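To start, the structure itself, in structure tokens.
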Amino acid sequence: MKPSVHIVSSDEVLLQQECCDQIINAAKQEGITERKIVDVVDKFSWNDLIADSNSLSLFAEAKLTDIRFTKSPKKDAQQALVELVADAAEDNQFLIRLPKIEKRQKSTKWFKSLASNASVQELWPPKTHSFFDWIANRALQKKVQLETEATAMLAEQTEGNLLAASQTLDKLALLYGETKVDISMLRTVISDNARYSVFLCLDEALSGQGQRAVRMLKKFEMEGVAPISILVNLTREIGLCNQVSTAVSQGQSGMQALSSSYLWESKKKLIISASNRLPLAVWQKLVVRCGFLDRMVKGQEQGRIWQELESCLWLLSGRKIWGVKR
């Protein structure tokens, strides 16, 4: 009989943590109370871990070895994992936490060997179109009653960060119990969140308050906020404005253009109002410009990213920096 091996692969911290907690609890129910946590860092000594594992197995002490990777295993780690599992005592268990496994990695010899007698779980975050439902279901699990617009706001402002969404719901449960939570109540919980401030900055720009939005942007720069956290959300807002402007040019209404989004009503009105301030040609240029800025923050293009972000905010607020006629 071979030792039990559990491989949990995901780039989403919350999903991976919850899955691993279930495995750890199951091991405890099986009588395994000893757990060794191994954080794999640069220059990690695999020989020491293998030796330590072998020495413990002499005393027949069943244990769970929890091995945590933040990066894909390098060649020495791949070989060590296969050896470690092969030489372990039968009643030992291994929990191996990996980032997202690429398709090519799953076809490698070392991974096939490791996974041949292991349970492998690959965990994926919800898609953008289903994130609203994920928030709603999560709220039900935590017995938090959210109004529809509050659910939409929380979905938009925590998209791509399940841990932040879950922690916000935990706070709401503590503060409000089973009281129905509206947008104003939600804001009291997330108003001190740095990521929320980015959304507030963009909302100021969308509402035409360019000066206030730029002032907030300069504060982010002084505080060392990563430009990518602003750019990702700015790109989405510009994309929505372009979507509305395109739809209007084709004879639809702004609300029709946003009918499939999970935005709350007041946010839809902000987007529609902003889209009407500039012609479609400018929104199309801004979408292209966001792609250029994405390459800039990744070091693939040269430029002054904070100055570029400021220009985008001014445009979002309605200031016509580029000379494009309707």
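Results, tabulated for the structure shown:
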{"read-out": "Trypsin sites (Lys or Arg not before Pro) within the stretch 65-131: DSSP coil, no more than 10 neighbouring Cβ in 10 Å", "value": "Lys127"}
{"read-out": "Residue among Ile67, Asn242, Ser266 farthest towards the positive dipole end of the chain, charges placed on Cβ", "value": "Asn242"}
{"read-out": "For the stretch 173-326: rounded, prolate or oblate by the Cα gyration tensor [a/c cutoff 1.5]", "value": "oblate"}
{"read-out": "The stretch 113-174, accessible surface, carbon-and-sulfur percent (1.4 angstrom probe)", "value": "50"}
{"read-out": "Whether the stretch 101-147 is rounded, prolate or oblate, judged on the alpha carbon gyration tensor where a/c under 1.5 counts as rounded", "value": "oblate"}
{"read-out": "For the stretch 266-281, Karplus couplings with θ = phi - 60° (6.51, -1.76, 1.60), whole Hz, Gly/Pro x", "value": "5, 6, 4, 5, 4, 4, 5, 4, 5, 5, 6, 6, 10, x, 3, 4"}
{"read-out": "Gain on full stretching of the segment that runs from Glu90 to Gln211 - 0.36 nm per residue minus C-alpha separation", "value": "36.9 nm"}
{"read-out": "Helix 13-29 vs. the chain, principal-axis angle (Cα, 0 to 90°, nearest 10)", "value": "30"}
{"read-out": "Whole-number percent relative contact order across the stretch 167-283, with pairs defined as alpha carbons under 8 Å at least 6 apart", "value": "23"}
{"read-out": "Residues whose placed amide H lies under 5 Å from that of Ser9, excluding near-sequence neighbours", "value": "Leu98, Gln121, Glu122, Leu123"}
{"read-out": "Semi-axis lengths, Å, the stretch 45-193, gyration tensor of Cα atoms, sqrt of 5 times eigenvalues", "value": "43, 18, 13"}
{"read-out": "Options Leu174, Ile7, Val214, ranked by Cα towards positive dipole end of the chain, top entry (Cβ charges)", "value": "Val214"}
{"read-out": "Per residue accessible area of the chain, 1.4 Å probe, in Å²", "value": "54"}
{"read-out": "Between helix 148-158 and the chain: long-axis angle, C-alpha atoms, 0 to 90°, nearest 10", "value": "70"}
{"read-out": "Magnitude of the charge dipole, the chain, Cβ model with Lys/Arg +1 and Asp/Glu -1, debye to 20", "value": "1640"}
{"read-out": "Crossing angle, helix 131-141 versus the chain [Cα axis fit, 0-90 degrees, rounded to tens]", "value": "60"}
{"read-out": "Rule-of-thumb Rg ratio for the stretch 124-211 [Cα; 2.2 N^0.38 Å; N residues]", "value": "1.08"}
{"read-out": "The stretch 144-245: trypsin sites (Lys or Arg not before Pro) in DSSP loop, at most 13 other beta carbons within 10 Å", "value": "Lys180"}
{"read-out": "Segment Asp294-Arg35, extension gain: residue separation times 0.36 nm, minus the distance between their alpha carbons", "value": "89.0 nm"}
{"read-out": "Interatomic Cα distance distribution for the stretch 218-309, bins of 5 angstrom, percent", "value": "3, 13, 22, 19, 17, 14, 9, 3, 0"}
{"read-out": "Of Thr33, Asn47, Ser253, farthest towards positive along the dipole that unit charges on Lys, Arg, Asp, Glu beta carbons give the chain", "value": "Ser253"}
{"read-out": "Reduced Cα scattering model of the chain, Debye log10 I(q)/I(0), q = 0.11, 0.14, 0.15 Å⁻¹", "value": "-0.86, -1.09, -1.16"}
{"read-out": "HN-Hα J in Hz across the stretch 172-182 - Karplus 6.51, -1.76, 1.60, θ = phi - 60°, x for Gly and Pro", "value": "5, 4, 5, 6, 10, x, 9, 5, 5, 9, 9"}
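The values are calculated or read from the model by the stated rules, or taken from the named source; none is laboratory data. Not measured: the values here are computed from a predicted model. Virtual Cβ from ideal backbone geometry, glycine too; neighbours counted across all protein chains shown. Side chains included, ligands, DNA and RNA excluded: accessible areas come from the protein's heavy atoms. Shrake-Rupley method; radii C 1.70, N 1.55, O 1.52, S 1.80 Å.
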